[in-house]
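Here is the structure we will look at, set down as structure tokens.
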Amino acid sequence: MPGYLLFLPFNPAGMAALIGIGTLSAMLLGRRNEIVTTGITTAVVMVVAALSPADAWRQPLLRLLDTIVGVTVGLTFAWTGSLFVRRWTGKFTEFEETDLVRKGATNV
């Protein structure tokens, strides 16, 4: 996406093409559960780029930074929470592989 916005301005056809490319990419990578997220993220970035076209190329980079910060905060709180639960109950909150297989988890 950053490459697209560096060379071409926002337009509906470009947004549709990017959503299609993202969908195909997710399918080819075997990540069908992420197709909707990919489409929504692409649409948000493109609409924000349309609203402020002067700095449109920065929007994908800002969303990447948002994602990195969000994942870092989430992992930090999950780790901290696991430590507290472990201290109070004596059990670590991580799933064992047998738990995941028993529950029929996918995309693990």
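Name the pairs: first residue in segment 10-25 and under 12 Å from THR42 (Cα atoms), second residue among the polar types (S, T, N, Q) and surrounded by 15 or more Cβ atoms within 10 Å (Cβ to Cβ), Cβ to Cβ under 6 Å, at least 6 apart or on different chains?
Every condition considered, the pairs that remain are LEU18/THR42; ILE19/THR42; GLY22/THR38; GLY22/THR42.
Would you mention how many residues in segment 67-108 are at pLDDT below 90 and closer than 30 Å to PRO9 by Cα?
So the count comes out to 1.
Please specify each residue of segment 53-70 satisfying the condition of being touching a helix residue (DSSP H, G or I) at 6+ places or on another chain (Cβ under 6 Å) and of a type in the set (Gly, Ala, Ser).
ALA56
Pairs needed: first member in segment 29-41, over 15 Å from ILE19 (Cα atoms) and buried (at least 16 other Cβ atoms within 10 Å of the Cβ); second member anywhere, among the basic types (Lys, Arg) and modelled with pLDDT of 90 or more; C-beta distance under 9 Å; at least 6 residues apart or different chains.
Partner pairs satisfying both residue conditions: none exist.
Could you say which residue among VAL69, VAL45 is more than 18 Å from THR23 (Cβ to Cβ) and either among the β-branched types (Val, Ile, Thr) or surrounded by fewer than 13 Cβ atoms within 10 Å (Cβ to Cβ) (or both)?
Values: VAL45 fails: more than 18 Å from THR23 (Cβ to Cβ).
After applying the criteria, what remains is VAL69.
The values are calculated or read from the model by the stated rules, or taken from the named source; none is laboratory data. Note that the structure is a prediction, hence the values are computed from the model and not measured. Note: ideal-geometry Cβ built from the backbone for every residue, glycine included; neighbour counts use all protein chains shown.
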